[in-house]
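Okay, so here's the structure we're looking at.
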Amino acid sequence: MKKIDWDTLTFDITPAEKMFISHNRDGKWDKGSIVSYGTVPVYPSAVVLNYGQGIFEGMKAYRRKDSSIAMFRPFDNAKRLNSGCKRLHMPPLDERFFVESITNLILENKEYVPPYGKGDLYIRPVLFGSGQMLGVQPANEYTFVIFMSPVGPYFKAGFSGVKIEIRDDFHRAPLYGTGNVKAVGNYATSLYPRSLSKDRGYDEVLYLDARNSLYVEEVGAANFFMLKEGVLSTPKLGGSILPGVTRDSVLTIASKVFGLQIQERDIRYDELFSAYELFCTGTATVLTPILTVGYKDKKYKIGDGKPGKTTKEIYDELKGIQLGDREDRFGWVYKVD
Ligand SMILES: *Cc1c(COP(=O)(O)O)cnc(C)c1O
């Protein structure tokens, strides 16, 4: 293993030595194998390359204070992957097979799990149509791979907060499209809008709903939360929003641990301008405070320009549960070793 500087980790790929690969031929998944990280050959006529029949997941393995390794709600990722398989007409995976394949691979890549407090091992399962087709048809062969990489914070600024720009000239996902699953094709379309917002000094794009360009959907590839007058609100799920595991955990922690009133509803973009606290959530981003919101040529500062108190409390509780420093009262922790 080559030496990794745990203190300078960012959200970049530093592939762990081993990956997992399994194939589905004749309608059945084989038991798969653990091999050295490397290329996966596909034909130019593979359905994933031509028609985007592919899906992924994003998870983490955490090094806890006692040096043991744990995952967080991995069966929720298995279920979400399978709902994506259904939407993209791909064969689902057995949930136990999914979680056990990941567990076995983590054990093989153990030394890539950063030390407690230095970062996490990011886990990326990908499932795609590797069979050849000319017309738009489902593939007759599928590949499931898992690779892993130690990572640090997703946003360079980490917990210190980000600037987002509300855009109504690009949408992320239409209603009844594939916004609620991690379809590979959803993400390529975010690259150009984000580059425009980056050029204007922002870190990410806040997307509005595709029907009205009025209601908040997501911040890049993260779910959105707003605290205002004691109520924590997040856009309600309804087809175009990805049901984040972190989103669900934050809603649970906010109401059950901190007694906050929570609302899943349509949030108009102009409600944000007078919010007390804003943040976005995801496995990679955890909870990231949003301190500036841009809309057209206006900029709105949120709160007092520092990460909010409630944002920090929920972050500490979530991280605490994942790292084993707080009681796992909802049964979310899944021990790996
Ligand atoms: C993965 C993802 C999220 C966050 O989901 P988690 O399960 O919390 O990691 C949010 N939005 C989009 C678009 C995503 O792809």
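The values are calculated or read from the model by the stated rules, or taken from the named source; none is laboratory data. Just so it is clear, the model here is predicted, and its values are computed rather than measured. Ideal geometry is used to build each Cβ from the backbone, glycine not excepted, and the neighbour counts take in all protein chains shown. To get the accessible areas, we keep the full protein, side chains included, count just its heavy atoms, and leave off ligands, DNA and RNA. Shrake-Rupley method; radii C 1.70, N 1.55, O 1.52, S 1.80 Å.
Sub-7 Å Cβ pairs linking a first residue in region 215-244 that is farther than 11 Å from Leu272 by Cβ to a second residue that is within 8 Å of the ligand (Cβ to nearest atom) and of a type in the set (Lys, Arg), at least 6 apart or interchain, are Glu217/Arg172; Glu218/Arg172; Asn223/Arg247; Thr234/Arg247; Leu242/Lys182; Pro243/Arg80, ordered by first then second residue.
Remark: pairs (first residue in region 52-81, under 16 Å from Asp94 (Cα atoms); second residue open to solvent by 30 Å² or more (accessible area, probe 1.4 Å) and part of a helix (DSSP H, G or I); Cβ separation under 8 Å; 6+ apart in sequence or on different chains) = Phe75/Glu95; Asp76/Asp248; Ala78/Glu95; Lys79/Glu95. Give Val286, Val293, Val257 a once-over and let me know the one that is on the phi > 0 side of the Ramachandran plot and either within 16 Å of the ligand (Cβ to nearest atom) or outside the structural domain of Ser83 (by TED's automatic domain parsing) (or both). Going through Val286, Val293, Val257 in turn, just one is on the phi > 0 side of the Ramachandran plot and either within 16 Å of the ligand (Cβ to nearest atom) or outside the structural domain of Ser83 (by TED's automatic domain parsing) (or both): Val286.
Using the structure shown, decide if Glu57 is away from the ligand (no atom under 16 Å from the Cβ), under 25 Å from the mean Cα position of the chain (by Cα) and outside the structural domain of Arg247 (by TED's automatic domain parsing). Criteria not met by Glu57.
A quick yes/no check of all residues on (1) modelled with pLDDT under 95; (2) surrounded by fewer than 16 Cβ atoms within 10 Å (Cβ to Cβ):
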{"position": "Lys65", "(1), (2)": "yes, yes"}
{"position": "Pro74", "(1), (2)": "no, no"}
{"position": "Asn82", "(1), (2)": "no, no"}
{"position": "Pro92", "(1), (2)": "no, no"}
{"position": "Thr103", "(1), (2)": "no, no"}
{"position": "Leu107", "(1), (2)": "no, yes"}
{"position": "Pro114", "(1), (2)": "no, no"}
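Here is the figure for region 221-256: residues that are open to solvent by 40 Å² or more (accessible area, probe 1.4 Å) and hydrophobic (A, V, I, L, M, F, W, C) total 2. Restricting region 1-38 to residues that are assigned to a strand (DSSP E or B), free of Cβ contacts under 8 Å to residues at least 24 places away in the same chain and among the small types (Gly, Ala, Ser) leaves a set whose member that is nearest to Thr143 (Cα to Cα) is Ser33. Being within 16 Å of the ligand (Cβ to nearest atom) and either modelled with pLDDT of 95 or more or crowded, with 18+ Cβ neighbours inside 10 Å (or both) holds for only one residue in Glu218, Glu165, and it is Glu218.
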